[in-house]
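The values are calculated or read from the model by the stated rules, or taken from the named source; none is laboratory data. Computed from a predicted model, the values in this text were never measured in an experiment. All Cβ positions, even for glycine, are placed from backbone atoms using ideal geometry, and neighbour counts span all protein chains on display. With ligands, DNA and RNA removed, areas are computed over all heavy atoms of the protein, side chains included. Shrake-Rupley method; radii C 1.70, N 1.55, O 1.52, S 1.80 Å.
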Amino acid sequence: MLESNHSITPQWMSQDCLAWSKRINNGFDEVLMPIATSNVTKYDYKGIIKALHDKGITGLRFDDERDGLKAGLPAQAMFAEALGRVPCGALGMSLTIHLDMVAPMVHQLGNTRQLKDILHHALRGRFLFSHAVTEPNAGSDIRMMKTTAVKKGDEWIINGTKKMISLAPIADYHFVLATVEGKAPPFNMVAFLIPKHAPGVVVGPLQRTLGNQACPVADIEFHNAKVSDSLRLGQAGMGFILQMQQFVQERILSSLRANEMAKSCLSEIIKHLKAREVAGKPIAQIDSIRHRIAHLTAELYQSQSATYVAMGRWINDDDYDSLSATCKLLSSRLAKQVTREAMQLGGVGHYQNASVFSGYFRDARLLSISTGSDEMMLKSIASSEQY
Amino acid sequence: MFDLDETYKANLDKVIEKHRGNWQHEQTPATYLREFISELQENNLLCRGWTQPFGEDDFNYQYYLHYTLAQQSTGSPGLCVASHVDIASMLLMKNQSNEVQEEYVNNALNGQTILALAMTEPTAGSDLQGIEFTAEERDGQWCLNGSKYGITNLPFADAVIVLARTKKEKSPFSFSLFLVPTDSDGVEIHPALDSMGYEGCLGSMTANNVLLPKEYLLGKLGMGLTTLMKHLDKERLIVCARMLGASEYILSSLITECQSRQTFDDALINHQHINFRVAELNASVLAFRSALELLIHSEHRGKIPTERAAALKYSGAVLVNELSDTYMQLSGGRGYMYGHPAERLYREMPGLALAGGSKEIMLNIVADVVCA
């Protein structure tokens, strides 16, 4: 059973917020926990989202009449944490892409029609979103993007390639960022929701990955793809600004998930070390091992504190640029480090693909690469702190 | 964090500015400490964060005081003030039970009396159960024997709070605290230890059949260790506030150094390896600050989780040593020279890292909770 065990609670984690946390845990217990394992290669994501909607826990952060639960950002933070406790990276990642990366941008930018015709259904699991930004030569540095959008009448003609896009093989709408000719950076990008069957959209073959295997990855090519202007999100030219703002927030949510992933993995290791004996006593009583566990715990507290304070600043509309990059950097490294220690301390039994530790080990590695790599976080800290 | 009355901050800066000239390298704090403490108190800067009637019940002021003092051009005044006010005097204030002790508290706060807290012994450091200093009842008085070692403020203290064994049995209830005036017969205060950093601040003593009246027992008999344990969570947060001050001071000095030094036709900071290294340390400092902020918030609501305070102190110890090492490295040969701040900090930070219990003890405390 999922439980949120907060040994320290920041100001924003109110009783109301903790009540949401309980409701989210209960929802996940019924919907996600029975199916969550790193060994699955496929999930019915739309079915899962529908089930979560029926539990009343999708669209937590939105405050509109139609789709919002008005639970606010603190509840959304609890949702991200709970996802980290589900022992399957793919579920966490896929649901985050759909509900916490693309949906908020559609909500923020979408016109009344787009909210009614697309977002409303997406939050009920009728449509699935992918987030197609990365390109062959533009990963963390999205300014290098080459995909173009040219307006012709009521349509846009899109050309270019998006690389390694999670959920691409099964998404109904791809969130796509493209450059508009004749505009100067950073006001030269535009965002679209491109339907999977739009003419000229070609999704490549499924690509195997180290972990998160139930989150299918493929390239998407646009060959003179035609997209109606009604599927443009927000003002043409503001895409980059929007995306950068969203990145900074998304990093905090990624950190909440990564910290909980590390925490769950750590408590699994401790359980294992208490049960296993070497030379007549449980491994958990050997000093050097205890110190390694305590060291990881101290690192967890640091990462979690930075994340909670960053989240608080976001909620209060304060400055959180440096802290967002800080918590993303620390939480990604932490998850990687904890899962590696778990493999080491778990022994050969946990080197097997069926082990929960090997699942964590594979899944966690992506955190330092996606959503802005560790290197991007360092650049971002240096530039926010002006050196 | 530190969302305090701005006049407090301004007045603190003013007093520090006035006294800074006295804080020469390698000068014993004995020459300036009393005056500095009494001026802090006159300006309501010393214990404003204490409970009433001494202060205003907002201990953010205490953390800010120690955070600020840790950012000065020498760490000694900060170390001595912290040991005197929030480690020794506060322990005395919380446990005082008679007029003698009350008077000591008042004199300590106006700078007339300097206090020290002595736990460590030549053969018992972080593990307090190994203490050999004894106190025995003899004709209605206490008779003290033993030695203490590595104690901040001791070379110039007027009184020292001593943890002594009052029962032979191996039990956490075998220890008690005593207030020992350093001019008592049988007390010998040795010359200051020749330590690597914080020159003149650390000392040692021996007690040879020191006779003390009953009033000098502090708190309840047998409860010394328990009282200290409770006090230690708080002490660790005070040390962490000092560590945060030192960390931010080192980080900003380090950035300035890297912006002004040039190698291969560019400022050091513009070389990506160095830029990233600095950003990594910056991330650790921000996380450390966040963690302290959350713990202070938690204390305001009535609780310092012991394992959290210990984990933070551990992280701080790792951080200050890493920062001072990198600061020296990136300052090049100049940083190795006596008089450069990197040289001083490289000597001082291992001392700060030890305060409040070693890293290993911190890890044990965390492990006791998480591996239970």
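For region B:260-332, the calculated P(r) over all alpha carbon pairs, in 5 Å bins from 0 to the bin holding the longest distance, is 3, 14, 20, 18, 13, 10, 9, 6, 4, 2, 1 percent. Listed values for region A:129-143 are Karplus-derived 3J(HN,Hα) couplings in whole Hz (6.51 cos²θ - 1.76 cosθ + 1.60, θ = phi - 60°), namely 9, 10, 10, 9, 10, 4, 10, x, 10, 9, x, 5, 9, 6, 5, and x replaces Gly and Pro. All other residues whose Cβ lies under 12 angstrom from that of A:Thr326 are scored, Lys and Arg at +1 and Asp and Glu at -1, for a net of +1. The C-alpha atoms of chain A define a longest principal axis, and helix A:239-275 lies at about 20 degrees to it.
For the residues B:Phe178, B:Phe276, B:Phe133, a GNM of chain B with alpha-carbon springs under 10 Å puts the largest fluctuation on B:Phe276.
Only Cα sites of region A:1-91 enter the Debye sum here, all with the same form factor; the resulting log10 I(q)/I(0) across q = 0.22 1/Å is -1.12, listed in q order. Under a 5 Å amide H cut-off, with hydrogens placed 1.01 Å from N, A:His131 pairs with A:Ser166, A:Phe175 among residues at least 5 apart or on other chains. Need the list of aspartates and glutamates near B:Lys303 for cross-linking: C-alpha distance under 18 angstrom, and skip anything on the same chain fewer than eight residues off. Counting by Cα, and skipping residues close in sequence, B:Lys303 has these aspartates and glutamates nearby: B:Asp57, B:Asp58, B:Asp86, B:Asp233, B:Glu235, B:Glu293. Each part gets one Cα centre, and for region B:7-28 versus region B:265-291 those centres are 29 Å apart. Counting heavy atoms of the protein chains alone, A:Val348 has an accessible area of about 110 Å² for a 1.4 Å probe.
From the largest down, region A:124-278 spans 73, 33, 30 angstrom on the principal axes of its Cα atoms. Relative to the longest principal axis of the Cα atoms of chain A, helix A:45-54 runs at roughly 80 degrees. Taking the empirical scaling 2.2 N^0.38 Å for compact globular proteins as reference, region B:219-364 has a Cα radius of gyration ratio of 1.22. Its residue count N fixes a reference of 2.2 N^0.38 Å for the protein assembly as shown, and the Cα radius of gyration divided by that reference is 1.09. Average 1/r across all pairs of distinct alpha carbons in region B:1-43, invert it, and you get the Kirkwood radius: 11.5 Å. On a 0 to 90 degree scale, rounded to 10, what angle separates helix A:15-31 from the longest Cα axis of chain A? Approximately 90 degrees, to the nearest ten. Short to long, the 10 Å bins of the Cα pair-distance histogram for region A:56-114 hold 22, 53, 21, 3 percent of all pairs. For A:Ala225, the residues 5 or more places off, or on other chains, whose built amide H falls under 5 Å of its own are A:Ile158. Viscosity 1.002 mPa s, temperature 20 °C: Stokes-Einstein D of region B:313-362 from its Kirkwood Cα radius, in µm² per second? So the translational diffusion coefficient is about 194 µm²/s.
Leaving ligands and nucleic acids aside, the A/B contact buries around 3200 square angstrom of accessible area in total at a 1.4 Å probe radius.
Rolling a 1.4 Å probe across all protein chains gives B:Arg289 an accessible area of roughly 60 Å².
Note on region A:212-272: Rg/Rh from C-alpha atoms, Kirkwood Rh, equals 1.19. Coordinate range of the alpha-carbon atoms in region A:84-195 per principal axis, descending: 46, 33, 23 Å. With Rh defined as the Kirkwood radius, the inverse of the mean 1/r over Cα pairs, the Rg/Rh of region A:329-387 is 1.17. Projected over every direction and averaged, the convex hull enclosing the alpha-carbon atoms of region A:246-387 yields 9.1 nm².
Taking the square roots of 5 times each eigenvalue of the Cα gyration tensor of region A:300-341, largest first, gives ellipsoid semi-axes of 22, 9, 6 Å. Note on region A:31-150: Rg/Rh from C-alpha atoms, Kirkwood Rh, equals 0.99.
Highest-first packing order for the peptide set B:201-208, A:30-37 is B:201-208, A:30-37, based on the mean count of other beta carbon atoms within 10 Å. The residues of region B:1-68 have, on average, 47 Å² of accessible surface per residue, using a 1.4 Å probe with all protein chains present. Note on A:266-275: average number of Cβ atoms from other chains within 10 Å of each residue's Cβ is 1.
Taking only the alpha-carbon positions of chain B and ignoring solvent, what does the Debye formula give for the base-10 log of I(q)/I(0) at q = 0.06, 0.09, 0.10 Å⁻¹? Per q value, in the given order, log10 I(q)/I(0) is -0.23, -0.51, -0.63. Computed over chain A, the percent of Cα pairs more than 39 Å apart is 15. Which distance in Å, rounded to a whole number, links the C-alpha centroids of region B:75-98 and region A:257-328? Centre-to-centre distance over Cα atoms comes out at 33 Å.
For the protein assembly as shown, the 222 nm mean residue ellipticity estimated from helices alone, with every DSSP H stretch of n ≥ 4 adding -39500 (n - 2.57) and the total spread over all residues, rounds to -15000 deg cm²/dmol. Give me the aspartates and glutamates in straight-line cross-link reach of A:Lys50: C-alpha distance below 18 Å, same-chain residues under 8 apart excluded. Hits, sequence-local ones excluded: A:Asp29, A:Glu30, A:Asp67, A:Asp100, A:Asp117, A:Asp172.
Remark: region A:246-387 carries a charge dipole of roughly 660 debye about the Cα centre, counting +1 on each Lys and Arg Cβ and -1 on each Asp and Glu Cβ. Using a probe of 1.4 Å, the accessible surface attributed to B:His300 totals some 90 Å² when neighbouring protein chains are kept in position. Rg and Dmax over the alpha-carbon atoms of region B:1-79 stand at 12.5, 37 Å.
Which net charge results for the neighbourhood of A:Ile286, defined as the other residues with beta-carbon distances under 12 angstrom from its beta-carbon, given Lys and Arg at +1 and Asp and Glu at -1? Net charge in that neighbourhood comes out at +3.
Spread over its residues, the convex hull of the C-alpha atoms of region B:88-168 is 111 Å³ per residue.
Here the average projected area of the convex hull drawn through the C-alpha atoms of region B:153-235 stands at 6.6 nm². Taken along its principal axes, the alpha carbon cloud of region B:144-286 reaches lengths of 71, 31, 23 Å, longest axis first. Counted by Cβ distance under 12 Å from A:Pro195, the other residues give a net charge of 0, where Lys and Arg count +1 and Asp and Glu count -1. Here the Debye sum runs over all C-alpha atoms of region B:53-138 as equal scatterers in vacuum, and log10 of I(q)/I(0) at q = 0.26 Å⁻¹ comes out as -1.25.
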